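Chemist: Here it is, the structure in full.
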Amino acid sequence: MPESKRADPVAPNALEELIDGYQKTQVIHVMVKLGIADQLGRGAQRSEAVASAVGAHAGACYRLLRALEYMDIVHEPSPGTFALTALGEQLRSNVALRDALLLTGDVFARWWAGLEHCVRTGESSVPVIEGVSSFEYLHGNTEATSRFNRLMSAMVGGIAANVVSVYDFSAVRRVVDIGGGRGTLISTILKANPQLRGVVFDVPTTIEEAKQAITAMGLTERCECVGGDFFAHVPSGDCLVLSAVLSDWNDEKCTVILKNCRRAVAVDGRLLVLERLLEPERPAPPSAFMDLQMLVIGGGTGRSAPEYRSLFHAAGFELARVIPTGASRSIFEARPA
Ligand SMILES: C[S@@+](CC[C@H](N)C(=O)[O-])C[C@H]1O[C@@H](n2cnc3c(N)ncnc32)[C@H](O)[C@@H]1O
């Protein structure tokens, strides 16, 4: 028998806990969606008071609070009175976690319900469920787009300092962050490299958010914000960046994006792909779930270095180096072949 990764695989209710995972997602989703986390952030309260403050049914709200207590999100200092635990406090104060939870409960959970389709076909469930692709769905839904962009921004914000500390941008003149979201990564790169000019490129709705962020950071003189479609064309530069973009798409779509990059990159330029590095044949947790998330959302996937090498090759690039950043994403540096 292969060794199990679970601490106690024979715990009597181990499988039940796994089977009921969807219930836990729904319970914390409803807690935040109804404003119960914020309400309890004001201090311990009786469950009826919480229900009345958030407009919920008193009995059902008490039952939800009991489930939250079981999950250690709240505790019950005296019968019928509830307060946030340290874990629950994060659902009030950590904006990125809240965005992740609300997106998961409102949108991703629906898409994951189509996982069977994804595993049978190797394709995203979103077109079947929504009638449009995931990004078309997100871009048609302002609230979901803003949450998604904030979440991505928080994630890339956590690794941007690592990227500028391990990668030497001193020979670069114009860096273009393609699918650059709100411009979090490019602004970190520009701040660390005063000689550089940059472009953040994304779909027009997201570029409106990037413009505000770039203005707020005082970088309008050095950073253009350009809206467009990377399947059609990307702006030119001597350093093109694709961060958490290729893992959204299958090989065919990646090749279209990469060929557009090949046309746009200077002859002596480079392409930096920032993605999680998977070991060949062996995506390890937590990337195994991240990998399935990519499949569900866009038919995308995590990739190993040999897989990136052959993707690059098909679009006229050569993988030059894989640079660890000390964070979740590595830098795959490619040069025009
Ligand atoms: C997973 S997010 C990554 C964002 C950012 N690069 C980061 O590292 O956090 C993918 C980005 O690709 C953008 N995108 C999706 N389809 C696009 C398209 N057809 N043209 C341009 N950008 C697109 C999305 O709006 C989103 O900002």
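The values are calculated or read from the model by the stated rules, or taken from the named source; none is laboratory data. Model, not experiment: these values are computed from the prediction. Quick reminder, even Gly has a Cβ in these numbers, built from the backbone with ideal geometry, and neighbours come from all protein chains shown. Heads up: the accessible areas ignore ligands, DNA and RNA and are worked out on the full protein's heavy atoms, side chains in. Shrake-Rupley method; radii C 1.70, N 1.55, O 1.52, S 1.80 Å.
Chemist: With runs of 4+ DSSP H residues as the only contributors, calculate the mean residue ellipticity of the chain at 222 nm using -39,500 (n - 2.57) per run, divided by the residue total and rounded to the nearest 500.
Modeler: -14500 deg cm²/dmol, from helical runs alone.
Chemist: Rounded if a/c is under 1.5, else prolate if a/b is larger than b/c, else oblate: which is the stretch 61-190, with a ≥ b ≥ c the root eigenvalues of its Cα gyration tensor?
Modeler: oblate
Chemist: If you don't mind, there's one more thing I want to ask. For the chain, build the charge dipole from Cβ charges (+1 Lys, Arg; -1 Asp, Glu) around the Cα centre, then report which of Phe108, Gly122, Ala192 sits farthest towards its positive end.
Modeler: Of Phe108, Gly122, Ala192, it is Ala192.
Chemist: Give the Kirkwood hydrodynamic radius (Å, one decimal) of the stretch 14-93, defined as one over the mean of 1/r across all pairs of different Cα atoms.
Modeler: Kirkwood hydrodynamic radius for the stretch 14-93: 12.5 Å.
Chemist: Would you mind getting the Kirkwood hydrodynamic radius of the chain from its Cα pairs, rounded to one decimal in Å?
Modeler: Answer for the chain: a Kirkwood hydrodynamic radius of 21.9 Å.
Chemist: In a Gaussian network model over the chain where Cα atoms closer than 10 Å are linked, find which of Ser52, Ser134, Ser236 has the largest mean-square fluctuation.
Modeler: Between Ser52, Ser134, Ser236, it is Ser52 that shows the largest mean-square fluctuation.
Chemist: Leaving ligands and nucleic acids out of the surface, order Leu185, Leu115 by accessible area at 1.4 Å, largest first.
Modeler: Heavy-atom accessible area, descending, gives Leu115, Leu185.
Chemist: Working out 0.36 nm times the residue gap between Ser165 and Ile129, then minus their Cα-Cα distance, what length gain in nm do you get to one decimal?
Modeler: Fully extending the segment from Ser165 to Ile129 adds 8.8 nm.
Chemist: Kindly point out which whole DSSP H helices in the chain project their C-alpha atoms 27 angstrom or further along the helix axis while averaging a Kyte-Doolittle hydropathy of 0.0 or above.
Modeler: Answer set is 142-166.
Chemist: Sticking with this one: Return the distance in nm (one decimal) between the two label points of a simple spin-label model at Glu69 and Thr215, each offset 7 Å from Cα along Cα→Cβ.
Modeler: The two pseudo-label positions are separated by 5.0 nm.
Chemist: Could you work out the percent of alpha carbon pairs in the stretch 196-319 separated by over 19 Å, rounded to a whole number?
Modeler: The answer is 52 percent, as a whole percent.
Chemist: Let me ask you something else. Determine the gain in length on full extension of the stretch Thr142-Arg263; use 0.36 nm per residue of separation and subtract their C-alpha separation, reporting nm with one decimal.
Modeler: Residue separation times 0.36 nm, minus the Cα-Cα distance, leaves 40.4 nm.
Chemist: Let me know the shape class of the stretch 141-181, please: from the alpha-carbon gyration tensor, a ≥ b ≥ c as square roots of the eigenvalues, rounded when a/c is under 1.5, otherwise prolate if a/b is greater than b/c, or oblate.
Modeler: oblate
Chemist: Additional query: Quick check on the stretch 135-286: take the gyration tensor over C-alpha atoms, sort the square-rooted eigenvalues as a ≥ b ≥ c, and tell me if it's rounded (a/c under 1.5), prolate or oblate.
Modeler: Because its axes are fairly even, with a/c under 1.5, the stretch 135-286 counts as rounded.
Chemist: Quick one: if the Förster radius is 51 Å, what FRET efficiency do Ser236 and Thr85 give, using the C-beta to C-beta distance and rounding to 0.05?
Modeler: After rounding to 0.05, the efficiency reads 0.50.
Chemist: Taking trypsin sites (Lys or Arg not before Pro) as candidate sites, keep only those in a DSSP loop with at most 14 other Cβ atoms within 10 Å, then name the longest stretch of the chain containing none of them.
Modeler: 174-337
Chemist: Check Ala320: other-chain or 5+ apart residues with amide H under 5 Å from its amide H, H built from backbone geometry?
Modeler: Counting only residues 5 or more places away or on other chains, the set is Glu333, Ala334, Arg335.
Chemist: Find how much the distance from Glu16 to Arg335 grows on full extension, using 0.36 nm per residue of separation minus their present alpha carbon separation; answer in nm with one decimal.
Modeler: Length gained between Glu16 and Arg335: 109.8 nm.
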